[in-house]
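Student: Mind having a look at this structure? Questions to follow.
The values are calculated or read from the model by the stated rules, or taken from the named source; none is laboratory data. Since we're looking at a predicted model, the values are computed, not measured. In this analysis, Cβ positions are derived from the backbone assuming ideal geometry, glycine residues included, and neighbour counts consider all displayed protein chains.
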Amino acid sequence: MTVHGHPDDETVNTGGVMARYAAEGARVVCVVATLGEVGRIVAPTLDTPANRADLGRLREAELRLAVAALAPDGGIQVVLLGYRDSGMAGTPENADPASFWQADLAGAVDRLLEIIRRERPDVIVSPNGYGTDGHPDHIKAAAVAKMAFARTAEPDFQAGSLPGEPAWRPAKLYETVVGVGKRRERLRRLVASGDLRTVLGVGVRYVRAWRPGSELERARIARAQGPVTTRVDVRPQLGRKAEAMRAHRSQIHPRSQPFALPLRTRRDVSPTEDFSLCESRVGVSLPETDLFAGLRQRADEAAARS
């Protein structure tokens, strides 16, 4: 189960692992807290009064297209937590009582717990405590996921929907890790490509993210991240991930950095999606290359005993 603030977070941060594990036959549940209703539309052809007035509907449709691109056989289930996008800190949208940021934390945890009870995930993945990039909805999603995971350890937590079913709890909680080094290397490769149109059309926007004024932001991201404990190889899934990102037309520009480099270069620069293991209720050996490390062995041993 992956937990996210908005549509597109699922693909950008965990698209590779969701595609990989769905292809392996795992049941993947993608929980999204809001529909990004107050975001900006980057595609001029989509920036119409009708779409601005009903942006949540558009972004939900893009979310479902992206998930279908990641798992064409339908191995990823989308579950909406049902809150409104909070916008950025200090904006009127952030103060809206209907926003995710203003929502009662305990109530949001209860909503997620109900999904956990129903879906019974072994592994939960969320943003880190800074929300990866400081967005209020990402921060709130991380807090809700962490508190829900902790609540599953309480004696009264029952995952089964039928009376008398045995207690059940997820085994592992991970946070995503932003690959700052990978970003720099992608920029270096982009500049080295020598394609002036690409460098000017994409590189300028990308360079802005690394201007001197953003040093404080990078420091905040670094402080919030735990150590990389788990690197999952997603090279075979990067083509599907790119297709899923293209589905998010209203918020990922087609000339943005993810599409600027050839697939073979992206596989070389970003072969893994990286995570920090926050808690495990099964024995693990770090570093890992699999979010299900420790769980597969437990399942094999249980099968052997039976």
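Student: Report whether or not ALA26 is of a type outside the set (Lys, Arg), out of contact with any Phe, Trp or Tyr (no Cβ under 6 Å at 6 or more places or on another chain) and in a helix (DSSP H, G or I).
Tutor: Against the criterion (of a type outside the set (Lys, Arg), out of contact with any Phe, Trp or Tyr (no Cβ under 6 Å at 6 or more places or on another chain) and in a helix (DSSP H, G or I)), ALA26 does not qualify.
Student: Being under 20 Å from GLY16 (Cα atoms) and surrounded by 18 or more Cβ atoms within 10 Å (Cβ to Cβ) is the filter here; which residues of region 279-289 pass it?
Tutor: Hit for region 279-289 is GLU288, nothing else.
Student: Name the residues in region 110-152 that are in a helix (DSSP H, G or I), surrounded by 22 or more Cβ atoms within 10 Å (Cβ to Cβ) and not acidic (Asp, Glu), would you?
Tutor: Matches in region 110-152: LEU112, ILE116, PRO136, HIS138, ILE139, LYS140, ALA141, ALA142, VAL144, ALA145, ALA148, PHE149.
Student: Do you know which residues across region 253-306 are farther than 27 Å from GLU243 by Cβ, modelled with pLDDT under 95 and basic (Lys, Arg)?
Tutor: Within region 253-306, ARG296, ARG298, ARG305 qualify.
Student: What single numbered condition from (1) surrounded by fewer than 21 Cβ atoms within 10 Å (Cβ to Cβ); (2) modelled with pLDDT of 95 or more; (3) not β-branched (Val, Ile, Thr) fails to hold for ALA43?
Tutor: Going through (1) surrounded by fewer than 21 Cβ atoms within 10 Å (Cβ to Cβ); (2) modelled with pLDDT of 95 or more; (3) not β-branched (Val, Ile, Thr) one by one, ALA43 breaks only (2).
Student: Out of the residues in region 238-278 that are touching a Ser or Thr at 6+ places or on another chain (Cβ under 6 Å) and under 30 Å from ALA50 (Cα atoms), which is surrounded by the most Cβ atoms within 10 Å (Cβ to Cβ)?
Tutor: Of everything passing the filter in region 238-278, ALA244 is surrounded by the most Cβ atoms within 10 Å (Cβ to Cβ).
Student: If you scan region 99-109, which residues turn out to be touching a helix residue (DSSP H, G or I) at 6+ places or on another chain (Cβ under 7 Å) and part of a helix (DSSP H, G or I)?
Tutor: LEU105, ALA108, VAL109, listed by residue number.
Student: Among the residues of region 207-226, is any modelled with pLDDT of 90 or more, crowded, with 18+ Cβ neighbours inside 10 Å and within 21 Å of the chain's Cα centre (by Cα)?
Tutor: Checked region 207-226: no residue is modelled with pLDDT of 90 or more, crowded, with 18+ Cβ neighbours inside 10 Å and within 21 Å of the chain's Cα centre (by Cα).
Student: Another one. Which numbered condition in (1) modelled with pLDDT of 95 or more; (2) part of a helix (DSSP H, G or I); (3) over 24 Å from VAL177 (Cβ atoms) is the only one that THR11 fails?
Tutor: So the condition that THR11 fails would be (3).
Student: Filtering region 62-94 down to residues that are modelled with pLDDT of 95 or more, loosely packed, with under 14 Cβ neighbours inside 10 Å and of a type in the set (Gly, Ala, Ser), which residue is farthest from GLY239 (Cα to Cα)?
Tutor: Out of the qualifying residues, it is GLY82.
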